[in-house]
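Reviewing the structure listed below.
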Amino acid sequence: MSTTKPFKVLIAHTDVPPEGIEILKEQCEILQVMNEPPKNRPEILEKIRGAHAVIWGGRDILSAEILDAAGPQLKAVSTMSSGINNVDVPELKKRGIPLGSTPAMLTVAVADLTVGLLIAAARRFQEGRRKIDSDKWDKDHLNWMLGQDIRDSTVGFYGFGGIGQAVAKRLMGFEIERVLYTTRNRVSQDIEEQFNAKKVDFETLLAESDFLIIASPLTKDTLGLFNATVFNKMKETAVLVNVGRGKIVNQDDLYEALKSNRIFAAGLDVMDPEPLPSNDKLLTLDNVVVTPHVGYATRRTRVDAANLASRNVLRGLAGEPMLSPAY
């Protein structure tokens, strides 16, 4: 004899780790989407009817249409991501539905990849591999393939929240000289002392950074902020790393800055558009290292994010504050 469970939860993605789903099973009937996006929209609209909560993934927007299909009993939503760009936030707020996200679960993995991109760009990994592939390995010159040193460098952060601070923590082992950061609000004095960090204006950040890491969300103020004017104010030896959002950087201007050696190199885990076409001109350059938005793509991170999203949902269903609210 089956026992009816009090809540129905839609898992709106095929790839949510089972460890997260298991947390829900005691109290919730699980409805899972079986089709991959973008073909899963009709299935979502059908299965969300009567759902009390949703774990939302993928690029499709959780919109008014989908919320209407769910019905008024919907009480909680959580993403499994740091960003909430795939949710119509004003619509959820209007309906009084709490929204959770999982930024803290992604911090370590993204910070690790950021350091990897910084090293790969500074030490010319992409160019070096191409030299090997084209049989242009030069054994005769001592100044061949010289890169930029991390030791004794100034590392600048545009955005110095959890990810930025986790990157700074990792870079302490590389004996950097100091950290500069540009944010709306100053971080605590303890954090500044820990990382030898100083809040500076944007112009100073550009002029003095040997490495400049973008770890900021995309807003109307940051959209296209890093453009030709900005690149012209950076050091010619500077390395740019972007793990924020692709649209923060004007990619055409970045291409020109890299091609003309106006800046030394770039490491990108985010770009515009995503996926980046294989024939994009950026990929023709030797001095850019690109990874396909995989900053958070580790097994442990995925499981941790699924677990937190499930606990967010259970809290929302109980009328309690979510462990990791998005607003």
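Restricting the calculation to Cα atoms, segment 182-286 shows an Rg/Rh of 0.99 when the hydrodynamic-style radius is the Kirkwood one. Computed about its Cα centre, the charge dipole of segment 106-290 is approximately 140 debye, with only Lys, Arg, Asp and Glu carrying charge at their Cβ. Go through (i) 18.5, 53; (ii) 18.5, 60; (iii) 22.3, 79 and flag the label whose value is the computed Rg and Dmax of the Cα atoms in Å for this structure. Recomputing Rg and Dmax of the Cα atoms in Å here picks out (iii).
So how do 292-298, 159-165 stack up, highest first, on mean other-Cβ count within 10 Å? Write down the numbers at each step before the final one.
Values: 292-298: 16.6, 159-165: 22.1.
Answer by packing, highest mean first, reads 159-165, 292-298.
Angle of helix 299-317 to the longest C-alpha principal axis of the chain, folded into 0 to 90 degrees and rounded to 10: 40°. Once the chain from residue 134 to residue 175 is taken as fully extended at 0.36 nm per residue, the excess over their C-alpha distance is 11.3 nm.
Greater than 19 Å separation of Cα atoms is the criterion. Which listed pairs, 47/75; 5/94; 136/281; 5/25, meet it? Result: 5/94; 136/281 exceed 19 Å. The charge dipole of the chain, taken about the Cα centre with unit charges on the Cβ atoms of Lys, Arg (+1) and Asp, Glu (-1), comes to about 620 debye, rounded to the nearest 20. Strictly over 24 Å apart at the Cα level, which of 93/220; 39/247; 169/199; 233/259 would you flag in this model? Table pairs above 24 Å Cα-Cα are 39/247.
Taking 0.36 nm per residue of separation and subtracting the Cα-Cα distance, full extension of the segment from residue 184 to residue 15 would add 57.2 nm.
What order, most packed first, do the peptides 70-80, 170-180 have when packing is the mean number of other Cβ atoms within 10 Å of each residue?
On the way: 70-80: 22.3, 170-180: 16.2.
Descending packing order for the listed peptides: 70-80, 170-180.
Solvent-accessible area of segment 218-327 (1.4 angstrom probe, protein heavy atoms only): carbon and sulfur portion equals 51 percent.
Centroid-to-centroid, using Cα positions, segment 245-278 and segment 148-199 are 23 Å apart. The residues of the chain have, on average, 51 Å² of accessible surface per residue, using a 1.4 Å probe with all protein chains present.
The values are calculated or read from the model by the stated rules, or taken from the named source; none is laboratory data. This one's a predicted model, so the numbers in the text were calculated from it and none came from an experiment. In this analysis, Cβ positions are derived from the backbone assuming ideal geometry, glycine residues included, and neighbour counts consider all displayed protein chains. All accessible areas refer to the heavy atoms of the entire protein, side chains included, with ligands and DNA or RNA removed. Shrake-Rupley method; radii C 1.70, N 1.55, O 1.52, S 1.80 Å.
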